[in-house]
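Enquirer: The structure's right below; bear with me while I get my questions together.
Bear in mind that the values in this text are calculations on the coordinates, not laboratory data. In this text, all values refer to a predicted model and were calculated from it rather than measured experimentally.
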Amino acid sequence: MVEKHPDWFIRNKDGAIPNRGGMPGFSDRFSPTCQFTSYYSDFIPKVIQEVITRYPIDAVYSNGWPGTNATVCYCQACQKIGDPTTRAYKEAYLKRAKELWTALLKDSAAPQGVQQRAQAMLTFYGPAEGKQ
């Protein structure tokens, strides 16, 4: 996937994609993706939509859906935001997570479990700015 969509992946300061191999629970075959890329805004929602329209599922589990702990990333999308160690970047990260959760809530075809998780996150962290 890195060869086909290199822009989707988190980058170290030197531009390299970090290898999670050797960390408990992570394979060296997988690399973390950045939530500021189209991986989260376009690709994953399409995958979820395909699954929920083909199968009668109750929920979708994603260990990689954006959380609230800002990941330090130096990909091109993050470079536009600024230094990933600053408070401004962390605020942008949380704002983006809220936007992605809000998008899940707008998908009326999403299973109730998906909508409940998104709503719980927004209830705890507050709605995305301008998306109330």
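Enquirer: Return the sequence-ordered ³J(HN,Hα) values of region 34-45 in whole Hz as given by the Karplus equation 6.51 cos²θ - 1.76 cosθ + 1.60 applied to θ = phi - 60°, using x for Gly and Pro.
Expert: Running phi through 6.51 cos²θ - 1.76 cosθ + 1.60 with θ = phi - 60° gives 9, 6, 8, 9, 5, 4, 8, 7, 10, 5, 4, x Hz.
Enquirer: Give the lysines whose C-alpha is closer than 17 Å to that of K106, dropping any in the same chain fewer than 8 places away, or say none.
Expert: K46, K95, K98, K131
Enquirer: Non-local amide H neighbours of T33 (under 5 Å, H modeled in plane, Pro and chain starts lacking H): which ones?
Expert: It is I10, by chain and number.
Enquirer: Tell me, what ³J(HN,Hα) does each residue in region 2-10 have, in order and in whole Hz, if you take phi through Karplus 6.51 cos²θ - 1.76 cosθ + 1.60 with θ = phi - 60° and put x for Gly and Pro?
Expert: 4, 5, 7, 9, x, 6, 7, 9, 4
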